[in-house]
Structures are given as structure tokens and as C-alpha cells.
Amino acid sequence: MNRGNAVPMVSLRGVGKSFDGHRVLAGVDLDVHAGEVVSLIGPSGSGKTTLLRCMNFLEAYDEGEVRIRGALLGYRLAQGRRERESERIIAEVRAPVAMVFQQFNLWPHMTVLANVMAPLTLAKRMHEARARELAGQALARVGMSGKADALPGQLSGGQQQRVGIARALAVHPEVMLLDEPTSALDPELVDEVLEVIKSLSRDGMTMVMVTHEMSFAADVSDRIVFMEKGRIVALGPPDDMVRRPTHPRLQAFLQPWIRRSLAPAPGGAGLPARSSQP
Ligand code: ADP
Ligand code: MG
């Protein structure tokens, strides 16, 4: 795709992160353009969550640069040195970015509506009435209007994650980061959440998603990024990455999934094709 000189929505250059001397991200370069869906796959511990958290500075990266629509996130350059930016400016730069968490992270003592309103009234200091309106729209978008007054504990996991998505949507983000949004769910609740994510992608939402749902990733993603040991080792469109992987490490990683996809199933065997469901 020719993107001309368009500034990427998210741009990573040489991004590194160490925990206690252990380098868990080791120089990651990636551009995510407006309207793109990029899925991050890779073994547990490869740095996917850390990379996603660096993209909105929930985790402070310590090498390289993260830019949101061209603006450096988290730091400012002062006399050639890098200093941590003020929280106010960090919040401004990350404002277009919203996150959906694996464990939903809803407040258990607050209603669904209050949970979705919270980022608007607290972080964005929006008036209550306007926040209520935007939260209501976001809940409608994920089909959860009927549960606005429920507490999270009264909902299924799938419904809770739809609320988590509504909370992210309510701030009208330009890019959404999703960290294994369905991996905490019972299998029968996965599809309702994937369907919501798919509908967002159809609407042109820019998304970066960590997932183990390979068929789904192949279906919705423009590009798939395979990470290992804190690095991107392969990257490309789903056809090259998931359906016909050539990279040996990627082939090995996908082997269990390919074996399952090829196994005869009731109603016909599913090749890892565009139409296959997770
Ligand atoms: P993934 O999401 O791919 O499973 P993570 O980004 O969660 O990988 O973790 C990458 C590595 O960084 C792992 O070795 C993990 O133990 C380590 N790690 C992640 N977060 C922290 C932290 N807050 N403190 C120390 N080590 C961490
Ligand atoms: Mg993770």
C-alpha cells in the first residue's frame, strides 16, 4: 500500500525495555498506519504485552522512540538528553490511544455505566451529562445498553470484556491496543467479543492486538507481527505469516495450530483459510 508521506498513527524506532537488567524488548521498529489492524503473536514471554504497554507509556520504555501521530511519547529532548515528560503532556500525547485489557480491569463496585464514564469524567474531566451520553453511545456500540446499571460481577466474562471495549471506545480513540482480549474467557464466550472487534475493524478503527486466536488474526489483520525474545522476527500480511509461513521459527510456533486446523472436524475439516473460525 502506498501511504505517501502520511505520518503513522503509532511509530516505534529501536524501542527497548529492560526489567532488572533483563532486556525484554530489544530494538523494535514498527509503524502502524491509520485504519490498519496489526496483530502481535509469539510465545509467552516474548514481550508482546510489554510492547503494547510501551505504546501508551503504561510501561516506560528505556531505549528508542515511541511516537503517536509523530509526537514523542513519554520523553522530551533537553540539550540532547532525554528527560521524562510531565504527566500532563504524556496524557496529551497518549490521548488518541485506548487500551483493552486481558482481565477487563473493571471496577467491581461501580455500575457498567459508571465504569465506562470513569475515563471521561476522571481523566478527561468531562461534564457528567456529556460523559453519560458518550458512555451510553459506546455501550450501544457493543450491544450492552441493557446492562448499563448492572455491576460487572453480574455479567458474563464476554459481556464484561464488551464493557471493557466500550470504556476504550467512549474516549473516541484513534487507535486501540488490545492485549489478548479473549484469553480470559470461556470458549463459548469468545465469539461475541471477536465479533465486536471485527465490527470495529470494519469501521476502520486502527488496532494493535495481541492474540492467540490465529484464525481470527488472519481474518481481521492487515499485518501480523511475530515476536520472539523481545524482537520482531517476522512481519507481513496474514497470507504470508499464518496461511503460508516460511520463517522456520514462525512455522514451529504455528505448528500446533496448523495441526488442529487440519484435523478432521464435525461438519468438515477446516484448512487455515479466510473463512475458518477460531
Ligand atoms: P508476553 O506478553 O509476550 O507473554 P511480556 O511482555 O508479558 O510477554 O513479558 C516479557 C518478559 O518481561 C517476560 O520475561 C516477563 O517475565 C518480563 N516482565 C514483564 N513485565 C515485567 C515486570 N513488570 N517486571 C519484571 N519483569 C517483567
Ligand atoms: Mg502478554
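Every number here is computed from the coordinates shown, using simple stated rules; none is lab data. Because the structure is predicted, anything quoted here is derived from the model rather than measured. In this analysis, Cβ positions are derived from the backbone assuming ideal geometry, glycine residues included, and neighbour counts consider all displayed protein chains.
Residues checked against (1) within 16 Å of ligand 2 (Cβ to nearest atom); (2) part of a strand (DSSP E or B):
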position	(1), (2)
ARG53	yes, no
ASN56	yes, no
GLU59	yes, no
GLY64	no, yes
ARG82	no, yes
ARG88	no, no
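Given the criterion crowded, with 20+ Cβ neighbours inside 10 Å and away from ligand 2 (no atom under 16 Å from the Cβ), identify the matching residue among VAL208, VAL233, VAL225, VAL196. Write out each step before concluding.
Values: VAL208 fails: away from ligand 2 (no atom under 16 Å from the Cβ); VAL233 fails: crowded, with 20+ Cβ neighbours inside 10 Å; VAL225 fails: away from ligand 2 (no atom under 16 Å from the Cβ).
Being crowded, with 20+ Cβ neighbours inside 10 Å and away from ligand 2 (no atom under 16 Å from the Cβ) holds for just one of VAL208, VAL233, VAL225, VAL196, which is VAL196.
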Pairs, first without any contact (Cβ under 8 Å) to a residue 24 or more places away in the chain and under 10 Å from ARG162 (Cα atoms) in the stretch 178-197, second within 16 Å of ligand 2 (Cβ to nearest atom) and assigned to a strand (DSSP E or B), C-beta under 9 Å, six or more apart
none
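For the stretch 146-154, indicate whether the set of residues that are within 16 Å of ligand 2 (Cβ to nearest atom), closer than 28 Å to GLU192 by Cα, crowded, with 16+ Cβ neighbours inside 10 Å and under 22 Å from the mean Cα position of the chain (by Cα) is non-empty.
No: zero hits.
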Filtered residue count, the stretch 142-159, keeping only those that are assigned to a loop (DSSP other than H, G, I, E, B), in contact with a Lys or Arg (Cβ under 9 Å, 6 or more places away or on another chain) and closer than 19 Å to ALA184 by Cβ:
3
Applying the selection to the stretch 1-45, what residues are assigned to a loop (DSSP other than H, G, I, E, B), touching a residue at least 40 places away in the same chain (Cβ under 8 Å), more than 16 Å from the chain's Cα centre (by Cα) and within 16 Å of ligand 2 (Cβ to nearest atom)?
PRO43
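Looking at the stretch 172-181 only, could you name the residues that are more than 13 Å from ligand 2 (Cβ to nearest atom) and either outside any loop (DSSP other than H, G, I, E, B) or crowded, with 24+ Cβ neighbours inside 10 Å (or both)?
Result: VAL175, MET176.
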Given (1) among the β-branched types (Val, Ile, Thr); (2) touching a helix residue (DSSP H, G or I) at 6+ places or on another chain (Cβ under 8 Å); (3) within 24 Å of MET117 (Cα to Cα), identify the lone condition not met by VAL175.
(2)
